[in-house]
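The block underneath contains the structure these notes are about, expressed in structure tokens.
Read the figures in this text as sums done on the coordinates, not as results from a lab. On a predicted model such as this, the values are computed, not experimentally measured, just so you know. Don't worry about glycine lacking a Cβ; one is built from the backbone with ideal geometry, like all the others, and counts go over all protein chains shown.
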Ligand code: URA
């Protein structure tokens, strides 16, 4: 049914004999007033049903962007989005189900590492992950670079795998938080993504709808993240921890550095290769530290360890003992993938062309703009410009030199992997990402803060 959004129909009675219209909600937010739970439910439910048009929702989102939402409004928006679709029932899984979520980064392969790590100490992880869009990668795409790996399981397979092996990773079910899907697509084209209440409710609604009892959030900050400053990241972390608490979910947010790509690999198959390295105890320091930190909080929330330090040491030991990589291989096997690719990562998809980019001067790597590297990887075929694009699993970027490394003129700073014959645009994006200067920068902090 089409609705005359200016004047005509009343979509709902507000209980005082007065009708509620979307234009009134927009005006209220534009004036900085606080919306009630009923008003928020009205907006989300009717937008999901397509009874509120995109142009009114766009105006509303922009009003939220400028006038903000308080904690109660943000929690109400979260629950309205949860209630817009299915909720996953994980009650048949024994134990405290722990989930994690990253706000999005470049080279972020942390889920691939923490799921087998947490599962190897008996914490059930029933993980629903997304695909990549634009410069950020998605766990599901990365896993699909392993031959025959199934990212769709029936709900009984999903639950029985988590009960038996303590882990499963699948793509998000189609009807999980449909309001968020519609809103996210609209935010993407109306410059309203980077609003704290909108990001917080988007992330937390997906986590609540997918049935987690406890949640560890990896809030990324820096050049490859939505949050560019630590202050903004802290505000987002506080908001999400607050929502989790108000909805009875134990929630911890780790604020981590995204001022350069995480680890050395950005892409799909090459990120699987790097996750294998970390699980074998041979990973880059930044990647390993962030993964162990997230996994430690997951296992503490799940009740496997009394505190963070004990968990961290035990998980380091699990990596050293070879149990962590065995658990990842088990994950691959139980989801139909070819486990030989884990024993021998050279069997993962390989690109035809490998183009080494060289330093134009002597000095130190001062910074690597993570988003630019993500864009270069996407242009090489590793990511999607638009939703329907097909991914080339073998494409990506290897970061040969990280921030703080000394380079001589003509040293290789990164390698582009692609099957495409033309790669000038990607080359320009990758070269632009590297800043080389005369001074050695300070050692980067990997974890800025933890909010709990
Ligand atoms: N990730 C999400 O799931 N939603 C946002 O709004 C931003 C990052």
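Below are the figures for this structure:
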read-out: Geometric extent, Cα atoms of the chain - Rg, Dmax (angstrom); value: 22.5, 75
read-out: Rounded to 10°, Cα long-axis angle of helix 230-246 versus longest principal axis of the chain; value: 60
read-out: Centroid-to-centroid separation of segment 19-68 and segment 238-265 [C-alpha atoms, Å]; value: 27
read-out: Segment 255-323: C-alpha pair distances exceeding 15 Å, %; value: 55
read-out: Angle between the chain longest axis and helix 155-165 axis [Cα atoms, degrees, rounded to 10]; value: 50
read-out: Segment 331-452: projected area of the alpha-carbon convex hull, averaged over directions, in nm²; value: 11.0
read-out: Rounded, prolate or oblate (a/c below 1.5 giving rounded, otherwise prolate when a/b exceeds b/c) for segment 190-308 by Cα gyration tensor; value: oblate
read-out: Burial ranking of peptide ranges 282-289, 25-32, 295-302, 197-204 (average Cβ count within 10 Å, highest at the top); value: 295-302, 197-204, 282-289, 25-32
read-out: Where Rh is the Kirkwood radius over Cα pairs, Rg/Rh for segment 326-390; value: 1.11
read-out: Segment 32-129: translational diffusion in µm²/s, Stokes-Einstein, Kirkwood Rh over Cα pairs, 10 °C, 1.306 mPa s; value: 96
read-out: Using alpha-carbon coordinates, inclination of helix 110-120 to the longest axis of the chain, degrees; value: 90
read-out: Global geometry of segment 97-150, whether rounded, prolate or oblate, following the gyration tensor of its Cα atoms and the 1.5 cut on a/c; value: oblate
read-out: Mean-position separation - Cα centroids, segment 338-377 and segment 128-179, in angstrom; value: 25
read-out: Simple label model, 7 Å out from Cα along Cβ direction - residue 440 to residue 366, nm; value: 1.7
